[in-house]
Amino acid sequence: SIAGRAGLCQLGGWSMPDMLRDSELGLVMAIPGLPARFDADDRGRRIDQLRDALEALEGFVEDARYYADAKGTESDVVVDVRLEAMIPYVTADKPVFFRANSYKQIPEAIRFAETFNLDPVIVGGGDAWKCAELLAPRDPMDPFDAFYANPAKLEAAGVDFCIATDGSGYARRLPLHAGMAVAHGLSPEKAISSITLDAADILRVDYEL
């Protein structure tokens with residue numbers, strides 16, 4: 001599903017116009033999937049709902065691609081405001097932020113982005129260490145320190161990443177998360193850049209720093 005557009009704001013300022021840097025930074029999307037748990041008797045209905053939701057999302061993105069192509073080659077295209085808003089994302093001029101945490105969700109998001117030539121950014125990425133080389137071997141049980149060792153594994157695999165929080169209220173914990181990642185193998189230099197320049201680079205605003 002498409003949640004809407006993501007914006008960028010700085011934390012210093014007296015009002016939202018002062019703090020807002022970019023109101024159209026990227027598109028937020030989540031690939032439809034089955035819930036972790038559901039009644040077995042409800043399986044058929046759930047699968048039908050998933051198929052319908054996925055087909056609707058794929059159809060909308062494909063329509064947006066055709067619309068963008070038509071706008072680039074024809075002058076008499078009837079304006080569709082919904083498809084018009086999608087042009088920067090289906091042409092990969094701006095990134096698409098995929099909400100994906102699990103080992104299953106992350107490859108699905110990457111495959112979806114590759115299919116439609118989108119520029120993906122994974123938001124969440126709890127199991128990203130398992131996908132550091134696109135498809136890493138799975139252990140039957142995650143190690144207890146998997147969360148904190150995640151950044152070091154991504155650094156070793158050469159994956160572009162940043163350390164972030166889900167909501168501004170937890171931003172003050174970023175140095176703590178970076179420090180814990182260093183204790184579990186992340187280089188100190190990468191830890192600093194992962195909460196500063198790397199985040200700006202992923203959001204394509206590093207040129208402003």
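The values are calculated or read from the model by the stated rules, or taken from the named source; none is laboratory data. Worth saying up front: this structure is predicted, and the values here are computed from it rather than measured. Virtual Cβ from ideal backbone geometry, glycine too; neighbours counted across all protein chains shown. Ligands, DNA and RNA are stripped out before the accessible areas are found, and what is left, the full protein with its side chains, is counted by its heavy atoms. Shrake-Rupley method; radii C 1.70, N 1.55, O 1.52, S 1.80 Å.
Among Asp76, Asp198, Asp52, the largest mean-square fluctuation in a Gaussian network model of the chain (Cα springs under 10 Å) belongs to Asp76. Computed over every Cα-Cα pair of the chain and binned at 5 Å starting from 0, the pair-distance distribution P(r) comes out as 1, 6, 12, 16, 16, 16, 13, 10, 6, 3, 1, 0 percent. Based on the convex hull around the alpha carbon atoms, region 1-102 presents an average projected area of 9.5 nm². Summing +1 for each Lys or Arg and -1 for each Asp or Glu among the other residues whose beta-carbon sits under 13 angstrom from that of Lys190 gives -4. Of the whole protein surface, Thr91 contributes about 60 Å² of accessible area at a 1.4 Å probe radius. On a 21 Å Cα-Cα criterion, which of the cross-link pairs Lys94/Lys130; Lys104/Lys130; Lys104/Lys190 come out too long? Listed pairs above 21 Å: Lys94/Lys130; Lys104/Lys190.
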